Each structure stands twice: as structure tokens, then as C-alpha cells.
Amino acid sequence: MEIKVGTRGSDLALVQTKSVVSDLKSCHPNAEVEIETIKTSGDLKSKPFGDGVFVKEIDMAVLDGEIDIGVHSLKDEPTDLPEGLNLGCVPERLNQCDVLIAKEGNNLRELKKGSLIGTGSPRRKREIGRLRAGLNFKNIRGNIPTRIEKVENGEYDALVTSYAAVDRMDLKGKISQKFDFKEVVPAAGQGALGVVCRSGEEEKLKLDKLNDEEKYLQTSCERSFLRELGLGCRSGVGAVAEVEDEYLRLFGVLNEEGKERLTVKMEGEDPIELGKRAWEVIKNER
């Protein structure tokens, strides 16, 4: 048996994919598991950021049978997958919080007025701007080490990114500040890996053996909330779901430019329905 695994070619993507490949080999000891790197629209510097730009070409390769699975940062995967594809499993999720990396190791309060912060995320800009006025924001591209280098050489005063990305690159020592989930609400699915396969092939690939059920429930709830809003990962939407006993607790935020920040906190048993109910609350306040 041969299993072809598709991924972007960035250092972070390869670290993530090798973790999944290791687990696949444990489930399929006699299989030949190969990694195939695929250039996505998001890898082109001339291409503006948008929903699905880091996953589209990989997902199409799965659908067309060129590869068997695609490994993604789950927050980059649109909530509505193309017909014929399925989110086969969520094998891993690290701490989903956002972090600040500043040149002098300063925290957010210590940054000077007018400091330039590297982030292309509307959610991060609005959440950080709410906590600290007087900062300037500018898109920042490149892999995690490149972004950190841009801070250290003075192109930016600081950058905001996910803890999970920094952790996976073994660069936690560069973190100046970790933000509490309620201060800066993470993107839906942030910190999690998502494995996409052709519908109906989950059992053959034994993806249930890789799946972390609790993380799958969390991210399903967060992504349900995002889907109902009709907005993508490049929006001002944040969501954090936590499992406690038999219940899920969801904290969601909609932070639209020029409008009041709306939040919702609910609990329930069904992750999809909880996301939908949370959206109804936000819709009535919008």
C-alpha cells in the first residue's frame, strides 16, 4: 500500500506533516508513505491573502487522486470543503493562543506609541488595537523564522502570530507575551492540524486511529460558529471551545471594523448545534 501525503513546502508545514506521517506509519507498518510538497496560491508573494489560499491546490490534488491526504493548519481550511472531500481527523492541537514577539522583549503595554506590528489578520489587528491604542499594523509574510528576523533587524517593532507555530518551530524563547484567550480570541481551529481525505476513505486510511476526539469536538464547534457567520479565517471572527465533562463551552467574538465588538458565551452537548446557537445570539445583536 502506498499513501501519498500532500503539504506546503514551508518549514512549519513540513514539521507538521512529518508528525502526521509518523503516526500514519505506525498505523500502516507495511505501507510506503511519501510526502509530496505542493505550491499553493498563498506561497506566491504577489498573491493577496484570502480564504483557502494555503490549502486549495492541495485539496484539489486529493480530490483528483494525485495524493491521498492533505495536511493543513486547520485554521486555513475553509469551513465548506469541496464536494467529495472530508476532514478525516484532527490529530493534534497545541495551545491555540496568540503571542507577541517584540525586538526588545517588550510586552504590549511597553511598546512605544506608533510601534509597527506585523500581522495580516483583521482579527488580530482589531483585538490588539482594542487592548492598546496608538499602534500601527502592516502585513508581514514569510515563514516564522523570517518574520522573527524582520523584527530583529528593525523592519517591524513586533509581530503577532500563533503560539503553536512558534512552538512547532522550537522558537518559544522568542515569545515576549502570551495573550489570554479572552484578551485576544484565537481564530477557529487555531493550533490544530487537519487531515483532509476523499470522502469514504477514512476507514481505509485508519484516520480514526490518528484522531484526537476532544480536539475534533472543539474545532468542529468553533468552525460551525465561523461557518454560520458566513465569514472566513481572514475575518474578525474568533472562537474558543473547551470540553468539560460532557459539555462544550464556546466563547466567540465578532470584531468588525468600525463596529462594536460582539461576544457570546454558551454551552451545549452538540458541537455543530452549539456553533449555530452562538451565531443566532450574535446575529440578534449585530
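The values are calculated or read from the model by the stated rules, or taken from the named source; none is laboratory data. Because the structure is a prediction, the values reported are computed rather than measured. Using ideal geometry, Cβ is built from the backbone for each residue, glycine included, and neighbour counts are taken over all protein chains shown. Areas reflect the complete protein model, heavy atoms only, side chains present, ligands, DNA and RNA absent. Shrake-Rupley method; radii C 1.70, N 1.55, O 1.52, S 1.80 Å.
Yes or no, residue by residue, for (1) open to solvent by 20 Å² or more (accessible area, probe 1.4 Å); (2) touching a strand residue (DSSP E or B) at 6+ places or on another chain (Cβ under 7 Å):
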site: GLU104; (1), (2): yes, no
site: ARG109; (1), (2): yes, no
site: LYS125; (1), (2): yes, yes
site: ILE128; (1), (2): no, yes
site: ALA133; (1), (2): yes, no
site: ASN139; (1), (2): yes, no
site: THR146; (1), (2): yes, no
site: LYS150; (1), (2): yes, yes
site: TYR156; (1), (2): no, yes
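Residues being in a helix (DSSP H, G or I), of a type outside the set (Lys, Arg) and either outside the structural domain of VAL15 (by the TED database) or in contact with a helix residue (DSSP H, G or I) (Cβ under 9 Å, 6 or more places away or on another chain) (or both) are entirely absent from the stretch 177-184.
What do you reckon, is GLY189 open to solvent by less than 10 Å² (accessible area, probe 1.4 Å) and part of a strand (DSSP E or B)?
Against the criterion (open to solvent by less than 10 Å² (accessible area, probe 1.4 Å) and part of a strand (DSSP E or B)), GLY189 does not qualify.
Taken together, ILE117, ILE101, ILE140 contain a single residue that is touching a helix residue (DSSP H, G or I) at 6+ places or on another chain (Cβ under 8 Å) and in a loop (DSSP other than H, G, I, E, B), which is ILE140.
When the residues of the stretch 7-32 are filtered to those that are in contact (Cβ under 8 Å) with a residue 24 or more places away in the chain, in a loop (DSSP other than H, G, I, E, B) and out of contact with any Lys or Arg (no Cβ under 9 Å at 6 or more places or on another chain), the one that is farthest from PHE54 (Cα to Cα) is ASN30. Every condition in (1) crowded, with 16+ Cβ neighbours inside 10 Å; (2) touching a Cys at 6+ places or on another chain (Cβ under 7 Å) holds for LYS209 except the one numbered (1). Could you tell me which residue of the stretch 241-256 is farthest from GLU213 (Cα to Cα), considering only residues that are open to solvent by 80 Å² or more (accessible area, probe 1.4 Å) and modelled with pLDDT of 90 or more? Here the residue is ARG249.
Kindly establish whether LEU108 is in the same structural domain as ASN153 (by the TED database) and among the aliphatic types (A, V, I, L, M). Yes, satisfied.
Could we say that ALA164 is touching a Gly at 6+ places or on another chain (Cβ under 7 Å), part of a loop (DSSP other than H, G, I, E, B) and closer than 21 Å to HIS72 by Cβ here?
Spelling it out, it is not the case that ALA164 is touching a Gly at 6+ places or on another chain (Cβ under 7 Å), part of a loop (DSSP other than H, G, I, E, B) and closer than 21 Å to HIS72 by Cβ.
Among the conditions (1) over 22 Å from the mean Cα position of the chain (by Cα); (2) outside any loop (DSSP other than H, G, I, E, B), the only one that VAL62 does not satisfy is (1). Can you confirm whether GLY118 is among the small types (Gly, Ala, Ser), in contact with a strand residue (DSSP E or B) (Cβ under 7 Å, 6 or more places away or on another chain) and surrounded by 13 or more Cβ atoms within 10 Å (Cβ to Cβ)? So GLY118 passes the test.
Yes/no per residue for (1) outside any helix (DSSP H, G or I); (2) buried (at least 22 other Cβ atoms within 10 Å of the Cβ); (3) more than 16 Å from the chain's Cα centre (by Cα); (4) in the same structural domain as ASP80 (by the TED database):
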position: ARG223; (1), (2), (3), (4): no, yes, no, no
position: ALA239; (1), (2), (3), (4): yes, yes, no, no
position: GLY258; (1), (2), (3), (4): yes, no, yes, no
position: VAL264; (1), (2), (3), (4): yes, no, yes, no
position: GLU280; (1), (2), (3), (4): no, no, yes, no
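The set of residues in the stretch 36-65 being among the charged types (D, E, K, R), in contact with a Gly (Cβ under 8 Å, 6 or more places away or on another chain) and either loosely packed, with under 15 Cβ neighbours inside 10 Å or modelled with pLDDT under 85 (or both) consists of LYS39, ASP43, ASP51.
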